[in-house]
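Notes to accompany the following structure.
Read-outs throughout are calculated quantities, based only on the coordinates presented, and are distinct from any laboratory measurement. What you see is a predicted model; the values in this text were computed from it and never measured.
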Protein chains: 2
Amino acid sequence: MTKPPTRIQKRNRAAILTAGLDVFSQFGFRGSTLDQIATAAGLSKPNLLYYFPSKDAIYTALLERLLETWLAPLHQMDEDGDPVAEIVGYARRKLDMSRDYPRESRLFANEIVQGAPHIASHLSGELRVLVEEKAAIIKGWSRAGQIADVDPHHLIFSIWALTQHYADFDVQVRAVLDTDDPFAGAGPFLDHVMRSILRP
Amino acid sequence: MTKPPTRIQKRNRAAILTAGLDVFSQFGFRGSTLDQIATAAGLSKPNLLYYFPSKDAIYTALLERLLETWLAPLHQMDEDGDPVAEIVGYARRKLDMSRDYPRESRLFANEIVQGAPHIASHLSGELRVLVEEKAAIIKGWSRAGQIADVDPHHLIFSIWALTQHYADFDVQVRAVLDTDDPFAGAGPFLDHVMRSILRP
DNA sequence: TCTTTGTTTGACCAACTGGTCAAATCAACG
DNA sequence: CGTTGATTTGACCAGTTGGTCAAACAAAGA
């Protein structure tokens, strides 16, 4: 019964989401204003509210769309692959995401740091289930002696922490490093870390 | 010429800073209101502004006080100690801080994620100098063959990332872990990680 | 062309924001 | 006790906020 979106609807909805990502990832939910987002999207505020019913709606639309993208790299981890290659590969993909989608990472970080008021249910739902599944696989590899006996949950946390840090704390990293590309060094380092940890 | 603070001044200033820590660490600077802080401190808004001239003043007072505490563990790293013990010890102290001062960690995280508008100068000042100093020490240990040849800057980043993650992403960690004390597993894991990385 | 539907806007609103100020109240000291 | 200085407050203000609405404007099919 819902009509297909018109060409203009597609364009404007996309523009709003992009603008929202820009603004929300920089200032957080409460720190962002509809005017900022509207201006960034090239629309007037009432016009923006013609496409999304509220500020909250833009924000949650962004978060839910993001969650899929965010979990994709972990989904790819394959039980039947080579354990070290699978885990190192996951870490690598996650680092690539920090490089290529820093705004998404910061949006997520803002939400979580402030207690995840908008996506708490997703965390203890989809995310938890996915992590549980992959943790079991990793545990299996440990037991089979294919990798060292590390706590799989904390292993996953460590990958999140080590990779997202470069997007979320970008200012700090750059202030300290004075390189124009922190990821040049981060890649090899992350590789060394993961292989060292996993060596049986 | 400045008069010594009265008993009431001491009490109220402290209450305001505590309340500010609570509120700012949860909602960020722009997401927090003076009314929230005043209520949390048990004062009226005008009364709060009698002790601090502005919202900004409370926030920066907090941040600057925090910065010392924050860098203390790294300051302690001793060139003449045992390399592995020194680095593992630093990581340990940093993890303890995430456990004991999660609000401080989140306050800092909020500020950095949003581009560090209030402490950018401190990052490229004090912080950078301190990191440079300690990185040189670590580099020395590497060259002497006492630890593996790892990039000292990224080593320090990894310690920040791995420890602060447990404070900053607390909600997520708990949602996934379902343990009442994530730090119980985090400690041994962190120990394993650091020793593995550093083994020459 | 006309009409219908989709799109855009200016004017507006109530609630909230950081901040001010004069007046009231309190604490302490002689 | 009375006086002085520190403390607290209610009333207030101008600017900003998320959101509404009727009216104006475009698009597109009949």
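Structure notes:
- By the equivalent-ellipsoid construction on the alpha carbon gyration tensor, region A:1-74 comes out with semi-axes of 20, 18, 10 Å, ordered largest to smallest.
- Centre-to-centre separation between the Cα atoms of region B:99-121 and those of region B:138-183: 17 Å.
- Candidates B:LEU177, B:LEU107, B:LEU95: whichever shows maximal mean-square fluctuation once chain B is modelled as a Gaussian network with Cα springs under 10 Å: B:LEU177
- When the Gaussian network model of chain B links Cα atoms closer than 10 Å, the mean-square fluctuations of B:ASP96, B:ASP82, B:ASP149 top out at B:ASP82.
- Histogram of C-alpha separations across region B:6-141, 10 Å bin width, %: 11, 36, 29, 16, 7, 1
- Full-stretch length increase - B:GLU132, B:ALA85 - with 0.36 nm per residue and alpha-carbon distance subtracted: 14.9 nm
- Dividing the summed helix terms, -39500 (n - 2.57) for each DSSP H run of n ≥ 4, by the number of residues in chain B produces a 222 nm estimate of -24500 deg cm²/dmol to the nearest 500.
- The protein assembly as shown: translational diffusion in µm²/s, Stokes-Einstein, Kirkwood Rh over Cα pairs, 20 °C, 1.002 mPa s: 94
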